[in-house]
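Okay, structure first, notes after.
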Amino acid sequence: MKKKGYSHGTGRRKEAVAQVKLVPGSGAIIINGIPYDQRFTRLEHRQTIMKPLVVTETAGRYDAMVKVAGGGIAGQCGAIAHGIARALLQEDEKFRLLLRQDGLLTRDSRAKERKKPGLKRARKAPQYTKR
């Protein structure tokens with residue numbers, strides 16, 4: 001256990017940034033002051049958030065206090081999962097292999113592509129007219 005009593009991890013996904021503080025406890029996950037099951041109602045989002053804890057079999061052992069900002073719902077879920085995985089790694093180095101195998105330690109660098117001049121969006125061109 002760390003001297004400060006908790007582990008910290010910062011997760012990022014798209015435009016979202018999540019700061020996670022992992023404290024030994026009963027398994028509660030509080031996101032911006034709201035329990036995670038109230039903030040994220042879709043099952044897929046909750047599973048994404050819980051994945052690092054399920055993979056390492058620490059689901060009921062830690063409480064997570066999360067501050068997340070930016071991006072949308074899916075990006076925030078990915079950022080929270082990334083932050084939890086990094087905090088778990090600080091807690092115990094033995095989790096590295098398990099987290100790495102599920103791709104939870106790698107930052108997902110995919111982001112929205114910029115709009116190009118002369119196009120309607122990043123790749124969508126205006127309709128071609130022959131005459």
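The values are calculated or read from the model by the stated rules, or taken from the named source; none is laboratory data. A quick note: this is a predicted structure, and the numbers were derived from the prediction, not measured. Cβ coordinates were reconstructed from backbone atoms using ideal geometry, including for glycine residues, and neighbour counts include every protein chain displayed.
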Listed by first then second residue, the pairs whose first member lies in segment 106-120 and is more than 30 Å from Phe95 (Cα to Cα), whose partner is assigned to a loop (DSSP other than H, G, I, E, B), with beta carbons under 7 Å and at least 6 positions apart or on separate chains, are Glu113/Ala122; Arg114/Ala122; Lys115/Arg121; Lys115/Ala122; Lys116/Ala122; Leu119/Ala125; Lys120/Pro126
Please verify whether Val55 is surrounded by 16 or more Cβ atoms within 10 Å (Cβ to Cβ), in contact with an Asp or Glu (Cβ under 6 Å, 6 or more places away or on another chain) and not hydroxyl-bearing (Ser, Thr, Tyr), treating the condition exactly as stated. yes
Suppose we keep only residues that are without any contact (Cβ under 8 Å) to a residue 24 or more places away in the chain and of a type outside the set (A, V, I, L, M, F, W, C) within segment 47-77. Which one would you say is nearest to Ser7 (Cα to Cα)? Glu57
Out of segment 2-14, which residues are surrounded by fewer than 21 Cβ atoms within 10 Å (Cβ to Cβ) and modelled with pLDDT of 95 or more? His8, Thr10, Arg12
Based on this model, can you work out whether Glu44 counts as under 21 Å from Gln101 (Cα atoms), within 14 Å of the chain's Cα centre (by Cα), surrounded by fewer than 18 Cβ atoms within 10 Å (Cβ to Cβ) and not hydroxyl-bearing (Ser, Thr, Tyr)? yes
